[in-house]
1. Can Ala173 be described as more than 14 Å from ligand 1 (Cβ to nearest atom) and in a helix (DSSP H, G or I)?
2. Those residues that are more than 8 Å from ligand 1 (Cβ to nearest atom) and within 13 Å of Val249 (Cα to Cα), I need them from the stretch 260-284; list them, please.
3. Any residue in the stretch 169-184 that's over 9 Å from Gly44 (Cβ atoms) and at pLDDT below 90: show its pairings with residues that are more than 16 Å from ligand 2 (Cβ to nearest atom) and part of a helix (DSSP H, G or I) at Cβ separation under 9 Å, as long as the two are six or more apart or on different chains.
4. I need a count of the residues in the stretch 132-179 that are of a type in the set (Ser, Thr, Tyr) and within 16 Å of ligand 2 (Cβ to nearest atom).
5. Say we look at the stretch 237-296 and pick out the residues that are surrounded by fewer than 19 Cβ atoms within 10 Å (Cβ to Cβ), within 16 Å of ligand 2 (Cβ to nearest atom) and touching a residue at least 60 places away in the same chain (Cβ under 8 Å); which of these is nearest to Lys185 (Cα to Cα)?
6. Tell me the residue from Leu199, Leu207 that is in contact (Cβ under 8 Å) with a residue 60 or more places away in the chain and farther than 24 Å from Glu40 by Cα, please.
7. Taking Ile110, is it surrounded by 22 or more Cβ atoms within 10 Å (Cβ to Cβ) and either within 17 Å of the chain's Cα centre (by Cα) or without any contact (Cβ under 8 Å) to a residue 60 or more places away in the chain (or both)?
8. What number of residues in the stretch 155-170 are under 20 Å from Ile219 (Cα atoms) and within 16 Å of ligand 1 (Cβ to nearest atom)?
Amino acid sequence: MKDVLIMGIESSCDETSVAIVKNGREVLSNCINSQIKIHEEYGGVVPEIASRCHTEVINSIMKRALKEANITMEEIDAISVTQGPGLVGALLVGVSYAKGLSYVTKKPLIAVNHIEGHIAGNYLTYKELEPPFICLIISGGHTHLIRVKSYNDFQVLGKTKDDAIGEAFDKVARVIGLGYPGGPKVDELAKKGNPSIKLPVTHLENLDFSFSGIKTAVINLNHKSSDINKADLCCSFQVAVTNMLLTNVRKAIDMFNADKIVIAGGVSRNSFIRDSFNNLEKEKNVKVYYPEPVLCTDNAAMIASAGYYNYIIGERADLKLNAIPNLKIGE
Ligand code: KG4
Ligand code: ZN
């Protein structure tokens with residue numbers, strides 16, 4: 001069978017990325033321009049600035065992606081782009097660019113759900129991984145527990161009722177003065193602490209999550225006692241949120257007799273979460289997967305992989321494609 005080369009375009013938040021992926025599994029290039037340095041001084045992503053930065057760099061990132069993959073635009077089979085969820089202005093840059101490119105090159109246009117992209121990040125790391133499996137997506141904007149029945153069939157088992165887990169990590173880091181993005185900084189500092197501080201852990205009856213209670217508790221504790229040990233606070237926070245994740249994942253394993261647990265999204269870079277989920281392998285007799293670090297956070301290779309699985313079942317978008325900031329998965 002002829003190889004299928006998909007170009008992926010991602011601009012849903014603060015990373016502008018273009019990638020070329022072969023047959024949904026092999027990364028030929030994955031160029032990422034992160035805006036972290038620009039947003040750092042504001043303590044978080046400023047949507048207006050994000051959109052402007054995407055516009056400035058997207059064309060040169062696209063050219064670099066082709067060059068690094070050593071292929072020409074003519075060889076590309078289809079262009080896939082993140083349609084949502086994400087920041088509307090940021091998404092619009094990628095969607096408009098992809099539409100223009102598709103029009104000029106006459107290549108098919110494929111719309112991709114960013115959350116499906118995060119799941120597909122694992123297909124790039126594990127060539128043998130196939131659905132069905134249970135996937136936990138933990139990122140700056142999302143916390144979803146999903147039953148991936150096939151490459152294109154998703155059942156949402158649970159999601160956060162309030163904050164995404166990454167948002168909680170970033171907020172905790174901000175209030176204790178660690179800066180943005182907070183996740184990796186909390187991860188590092190927690191290694192020097194102990195889980196000695198009692199924090200409220202929310203376990204809902206269904207498979208949903210809630211992180212606002214623990215986030216507020218950390219903020220209040222930090223305000224009340226300025227001499228609190230910050231490493232202990234980070235460590236206690238990390239242990240508590242990991243327990244919340246594990247509880248629901250254990251329930252899902254039992255409910256569906258699952259043998260594969262797939263973790264995805266930026267927070268899946270967290271070292272404590274990775275170690276804890278590794279322990280599930282023995283405890284629950286399952287295999288645990290998570291993408292290599294660069295494929296955990298936002299990147300276009302995962303969008304190209306998800307795009308490939310839409311492409312081969314004949315899904316096509318047209319020039320009416322619009323960004324959908326609150327695009328859902330599995331509905
Ligand atoms: O997937 P992602 O790039 O963006 C969204 O789709 O939201 O995830 C970004 C999030 C940020 O909240 C960041 O703090 C978090 O991933 N993150 C981490 C770690 N590395 C990145 N959180 C905890 N520990 C880490 N090591
Ligand atoms: Zn993401």
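The values are calculated or read from the model by the stated rules, or taken from the named source; none is laboratory data. Since the model is a prediction, treat every value here as computed from it, not as a measurement. We place every Cβ from the backbone using ideal geometry, glycine too, and count neighbours over all the protein chains shown.
1. Numbers: more than 14 Å from ligand 1 (Cβ to nearest atom): no; in a helix (DSSP H, G or I): yes.
Taking the combined requirement at face value, the residue does not satisfy it.
2. Lys260, Ile261, Val262, Ile263, Ser276, Phe277, Asn278, Asn279, Leu280, Glu281, Glu283, Lys284
3. Final answer for the pair search is Gly179/Glu40; Gly179/Ala173; Gly179/Lys185.
4. Step one: filter the stretch 132-179 for residues of a type in the set (Ser, Thr, Tyr), giving 139, 143, 150-151, 160.
Checking the rest, the ones that are also within 16 Å of ligand 2 (Cβ to nearest atom) come to 139, 143, 160.
Number of matching residues: 3.
5. Within the stretch 237-296, the match that is nearest to Lys185 (Cα to Cα) is Val294.
6. Details: Leu199 fails: in contact (Cβ under 8 Å) with a residue 60 or more places away in the chain.
Just a single option satisfies the conditions, and that option is Leu207.
7. Working: surrounded by 22 or more Cβ atoms within 10 Å (Cβ to Cβ): yes; either within 17 Å of the chain's Cα centre (by Cα) or without any contact (Cβ under 8 Å) to a residue 60 or more places away in the chain (or both): no.
No, not satisfied.
8. Taking the stretch 155-170 first, the residues under 20 Å from Ile219 (Cα atoms) are 160-170.
Narrowing the set further to residues that are within 16 Å of ligand 1 (Cβ to nearest atom) leaves 160, 162-170.
The total comes to 10.
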